[in-house]
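> What follows is a structure written as structure tokens; I'll ask about it next.
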Amino acid sequence: MKKISVILMIVSLVGCSAIISRNVPNHSLQEIIIPTAQCGMCVARIDKALNDVDGILKYKVELDALKVKVKYDNNKISLHQIEQIISKTGYQANTIPADPEAYKKLDMCCRLPKDRK
């Protein structure tokens, strides 16, 4: 009888821990390097692109450091997807290059010095 009680207790604990772990948010805090950002307009564009994206909980674009600090829910969005959003805005995000079509649409002040004509 004791063995059955112990087994039932173990099964109950394992089951409860599985239920609890499913309800715990899976958040990450990452830095995305944005080496092609040039000015305040770049910050505003990236800010607009990341604002209200489902799964992004908090972010800060730091022009002086050329990076974006982002806190996000891994269950809703991945780091790669966030990098893609920034790339499609016209900026390099870590190793993902800027989308060429989006880059062409940037104002001259937002382009790299070598591309300002």
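> Quick one: accessible surface of GLU101, probe radius 1.4 Å, all protein chains present, in square angstrom to the nearest 10.
Accessible area of GLU101: about 100 Å².
> Tell me the accessible surface of VAL61 in square angstrom (1.4 angstrom probe, heavy atoms of protein chains only), to the nearest ten.
For VAL61, the solvent-accessible surface is approximately 30 Å².
> Just by accessible area at a 1.4 angstrom probe, what is the order of ARG116, ARG111 from largest to smallest?
Most to least solvent-accessible, the answer reads ARG116, ARG111.
The values are calculated or read from the model by the stated rules, or taken from the named source; none is laboratory data. Keep in mind it's a predicted model, so treat the numbers as computed, not measured. For accessibility, only protein heavy atoms count, side chains too; no ligands or nucleic acids. Shrake-Rupley method; radii C 1.70, N 1.55, O 1.52, S 1.80 Å.
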